[in-house]
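Here is the structure we will look at, set down as structure tokens.
The values are calculated or read from the model by the stated rules, or taken from the named source; none is laboratory data. Note that the structure is predicted; figures quoted are calculated from it, not measured. Cβ sites come from the backbone with ideal geometry, for glycine too, and all protein chains shown count toward neighbours. For accessibility, only protein heavy atoms count, side chains too; no ligands or nucleic acids. Shrake-Rupley method; radii C 1.70, N 1.55, O 1.52, S 1.80 Å.
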Amino acid sequence: MKPGHDQSSHAVRMEWGPTGAAAVAADVTVVVDVLSFTTTVSVAVERGITVLPFRWRDERAASYAAERDAVLAVGRLEAREQAGTVSLSPAAMAQVEGITRIVLPSPNGSTISFALADGGSEVVAGSLRNASAVSAYVAARMREGASCAVVPAGERWDDDTLRPAVEDLWGAGAVLAGLVDLGVTGLSPEARVAEQAFRAVRADLAAALAGCAGGVELAAAGFAEDVEAAARLDVSGVVPVLVGEAFVDRGR
């Protein structure tokens with residue numbers, strides 16, 4: 001690795017996507033995918049549901065769910081055609097009743113989370129909804145001597161290259177701003193950029209999220225409610241931590 005790219009001289013780091021996650025992985029790493037993996041995880045955990053993330057969104061996911069006595073969450077468009085199914089949509093997840101375990105396929109967020117966990121990092125799912133709760137949890141871990149990284153997941157272009165997604169920058173920045181407000185120091189310049197980006201839009205966060213590329217895309221597909229759900233800052237106190245193969249609440 002080229003000098004400086006692991007940001008190891010800083011207690012708090014930030015880098016994009018799976019490759020960036022591997023580069024800056026710390027004792028505790030917060031993964032942020034605002035539209036919508038980590039937002040959906042936080043909503044499910046709010047409702048007392050154990051979330052089992054899965055790397056692949058194909059026939060393997062159904063087998064994985066069946067083996068673990070869990071319900072498989074399907075894609076938003078697929079859910080429209082299959083009444084009674086659980087959707088990956090955070091707005092739809094907020095209406096789920098009577099389910100205790102779900103499998104949540106996500107080639108992006110799940111892959112990053114498991115890769116980090118395999119490398120020994122404690123993985124936390126962060127979003128705008130639970131940013132302050134995650135900040136408080138991470139700050140407590142840092143007082144115990146842990147280092148921290150925050151990873152905005154980003155999206156993919158059609159050629160499968162990383163598309164940095166501004167909503168994930170804001171979500172990562174919300175966690176980082178919370179750390180700063182709690183007295184945490186040692187942010188890398190990259191982390192400072194995310195922190196300041198969040199502070200710049202905080203006063204008009206819902207409009208900013210609705211107006212960014214990811215928000216416009218979801219609204220055009222008929223899922224504006226998911227954008228609204230994702231923009232609700234600090235409405236949740238859950239801290240989903242990946243323990244084994246499941247996200248469980250470690251909120252304090």
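Kindly indicate the residue of region 105-122 that is under 18 Å from residue 194 (Cβ atoms) and of a type in the set (A, V, I, L, M, F, W, C) and also farthest from the chain's Cα centre (by Cα) among those meeting that condition. Of everything passing the filter in region 105-122, 116 is farthest from the chain's Cα centre (by Cα).
Name the residue that is nearest to residue 9 (Cα to Cα), counting only residues in region 182-204 that are aliphatic (A, V, I, L, M) and buried (at least 17 other Cβ atoms within 10 Å of the Cβ). So, considering only residues that are aliphatic (A, V, I, L, M) and buried (at least 17 other Cβ atoms within 10 Å of the Cβ), the one nearest to residue 9 (Cα to Cα) is 187. The condition of being touching a residue at least 24 places away in the same chain (Cβ under 8 Å), under 20 Å from residue 136 (Cβ atoms) and in contact with a Lys or Arg (Cβ under 8 Å, 6 or more places away or on another chain) holds for only one of 191, 221, that being 191. If you check 166, 227, 248, 201 for being in contact with a Pro (Cβ under 8 Å, 6 or more places away or on another chain) and aliphatic (A, V, I, L, M), only one passes: 248. Is at least one residue of region 110-132 touching a Ser or Thr at 6+ places or on another chain (Cβ under 8 Å), over 29 Å from residue 55 (Cα atoms), among the acidic types (Asp, Glu) and in contact (Cβ under 8 Å) with a residue 24 or more places away in the chain? The answer is no, given that none of the residues of region 110-132 is touching a Ser or Thr at 6+ places or on another chain (Cβ under 8 Å), over 29 Å from residue 55 (Cα atoms), among the acidic types (Asp, Glu) and in contact (Cβ under 8 Å) with a residue 24 or more places away in the chain. Residue 31 meets all of the listed conditions (1) under 16 Å from the mean Cα position of the chain (by Cα); (2) closer than 24 Å to residue 140 by Cα; (3) in a helix (DSSP H, G or I) but one, namely (3).
Candidates are the residues of region 54-71 that are open to solvent by 70 Å² or more (accessible area, probe 1.4 Å) and in a helix (DSSP H, G or I); the one that is nearest to residue 111 (Cα to Cα) is 60.
Only a single criterion out of (1) in contact (Cβ under 8 Å) with a residue 24 or more places away in the chain; (2) open to solvent by 40 Å² or more (accessible area, probe 1.4 Å); (3) of a type in the set (D, E, K, R) is not satisfied by residue 97, namely (1).
For (1) of a type in the set (S, T, N, Q); (2) in a loop (DSSP other than H, G, I, E, B); (3) at pLDDT below 95; (4) open to solvent by 50 Å² or more (accessible area, probe 1.4 Å), each residue gets a yes or a no:
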| residue | (1), (2), (3), (4) |
| --- | --- |
| 5 | no, yes, no, yes |
| 8 | yes, yes, no, yes |
| 13 | no, no, no, no |
| 38 | yes, no, no, no |
| 44 | no, no, no, no |
| 52 | no, no, no, no |
| 73 | no, no, yes, no |
| 92 | no, no, yes, no |
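Among the residues of region 136-146, are any buried (at least 20 other Cβ atoms within 10 Å of the Cβ), in contact with a strand residue (DSSP E or B) (Cβ under 7 Å, 6 or more places away or on another chain), at positive phi and outside any strand (DSSP E or B)? No, the conditions are met nowhere in region 136-146.
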